[in-house]
Amino acid sequence: MTNRSAVVPRLSWPDVWGRRLDRHGLSTPVRGRPADAVAAMCGAHAQLLSAAELSIGLRVAGATHNDVRDALWNERSLVKTFGPRGTVHLLPAHELPLWTGALGALPPASTSMHIDARLTPDQTDEVVAAIAGALADAELTIDELTAAVATRTGPWAADPVMPAFGGMWPRWRQAMHLAAHRGALCFGPNRGRKVTYTSPQRWLPGFEPAPAPAALAGLVRRYLHAYGPATPQQFAQWLSAPRRWAIQLFDSLASELEQVEVDGHPAWVRAGDTAPPTTPPHGVQLLPYFDAYTVGCHPRERLFRGPAAERALAGGQAGNFPVLLIDGTVAGVWHGRRSGRRLKVTVEPLTPLTAAERRDLDDRVERIGEILESKPQLTLGPVTIGAHA
């Protein structure tokens with residue numbers, strides 16, 4: 001598939017965890033801005049913005065949740081938009097041309113929606129153009145955007161045909177993620193309790209998606225740096241893209257990639273990036289809901305070993321529980337509950353902690369308190385909160 005040397009480099013699983021922890025800014029925090037940490041982990045999942053703030057804060061020396069908010073809404077060095085898998089992410093503003101160029105080039109996703117409810121390809125393009133026009137100089141709520149799209153396209157776009165959360169969404173919303181992937185839409189600041197949407201061009205003058213071939217190649221490089229060694233199939237799962245398409249993409253980048261072997265299994269890295277970490281993975285981490293490391297690292301059976309798979313996965317999905325990491329793999333779950341300035345942290349280890357691990361855990365809890373600007377209190381015991389949807 002890709003470059004093969006006469007002797008295939010071999011890495012152990014501890015080598016892999018050590019590389020990933022280091023490159024995610026978890027073994028040693030990034031000494032830079034929140035956008036630097038977000039770039040390092042290939043985007044911060046922001047379905048829960050508070051969890052994204054914690055993910056980033058854990059990776060940036062001295063940062064608090066307010067530093068992340070400032071980067072997002074004041075500096076504009078971060079952009080909130082729909083990223084990999086169509087899920088809400090924070091992405092570095094300076095990398096948005098690459099991300100939109102790559103995500104906008106993904107093959108169309110299959111749908112189980114009834115044919116009478118689907119958008120045709122021409123309707124999809126019309127809706128994306130309508131979204132771009134409506135948001136060019138505005139920040140609109142979802143209801144305002146629905147009205148604006150219907151005005152520009154026709155009432156068919158507002159037909160309530162999409163089952164969602166016990167109700168029905170208008171037809172045009174099938175193209176909402178695609179509009180973001182094509183660079184026509186991102187999130188604006190909330191208007192009270194209401195979410196708004198706007199055009200990234202309002203904040204990034206001259207912005208446009210990068211050409212697809214260069215953008216896809218750049219995304220593969222970034223993914224392999226953060227999550228490698230990895231396979232095309234794992235890259236496909238990370239993006240929610242077809243596996244055959246991902247294999248063909250890796251094949252097209254043959255001169256840039258190199259095969260390695262991890263515990264007898266082939267995987268891929270950027271050519272020349274085969275060195276093990278200088279130190280083995282060590283220490284304790286507390287990662288929040290949907291942290292990029294938890295969601296993006298594969299294979300899952302290595303990250304969530306034995307009882308961790310039963311306790312910290314939800315139907316095979318990662319990210320639905322905040323997790324305790326020890327030496328790079330999942331070793332428990334945790335939960336934090338804020339009340340005013342106080343933060344109650346409950347940690348449920350799956351095996352007894354050593355004295356050194358307990359000291360590390362105390363330090364991690366203190367750091368979370370600093371990020372959230374709260375006074376933390378740690379309890380070891382069962383976590384009774386279920387998985388987040």
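The values are calculated or read from the model by the stated rules, or taken from the named source; none is laboratory data. Keep in mind that what you see is a predicted model, and the values were worked out from it rather than measured. In this analysis, Cβ positions are derived from the backbone assuming ideal geometry, glycine residues included, and neighbour counts consider all displayed protein chains.
Data table
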quantity: Residue, farthest from C297 (Cα to Cα), within segment 249-268, restricted to residues that are among the acidic types (D, E) and in contact with a Pro (Cβ under 9 Å, 6 or more places away or on another chain); calculated: D251
quantity: Flag for G101 being over 15 Å from the mean Cα position of the chain (by Cα), outside the structural domain of G192 (by TED's automatic domain parsing) and in a helix (DSSP H, G or I); calculated: yes
quantity: Residue count for segment 60-79, restricted to those that are in contact (Cβ under 8 Å) with a residue 12 or more places away in the chain, surrounded by fewer than 22 Cβ atoms within 10 Å (Cβ to Cβ), out of contact with any Ser or Thr (no Cβ under 8 Å at 6 or more places or on another chain) and not in a loop (DSSP other than H, G, I, E, B); calculated: 4
quantity: Any hit, segment 224-241, residues being touching a residue at least 40 places away in the same chain (Cβ under 8 Å), surrounded by fewer than 19 Cβ atoms within 10 Å (Cβ to Cβ), of a type in the set (S, T, N, Q) and outside any helix (DSSP H, G or I); calculated: yes
quantity: Single unsatisfied condition, T294 versus (1) closer than 25 Å to V38 by Cβ; (2) crowded, with 21+ Cβ neighbours inside 10 Å; (3) in contact with a Pro (Cβ under 6 Å, 6 or more places away or on another chain); calculated: (3)
quantity: Flag for A271 being at pLDDT 95 or above, buried (at least 23 other Cβ atoms within 10 Å of the Cβ) and of a type in the set (A, V, I, L, M); calculated: no
quantity: Scope segment 132-175; condition within 11 Å of Y197 (Cα to Cα) and part of a strand (DSSP E or B); matching residues; calculated: L140
quantity: Selection status of T111, part of a strand (DSSP E or B) and of a type outside the set (A, V, I, L, M); calculated: no
quantity: Condition check for E139: acidic (D, E), touching a residue at least 40 places away in the same chain (Cβ under 8 Å) and touching a strand residue (DSSP E or B) at 6+ places or on another chain (Cβ under 8 Å); calculated: yes
quantity: Count of residues meeting criterion [modelled with pLDDT of 95 or more, surrounded by fewer than 17 Cβ atoms within 10 Å (Cβ to Cβ) and over 18 Å from A129 (Cα atoms)] in segment 140-189; calculated: 1
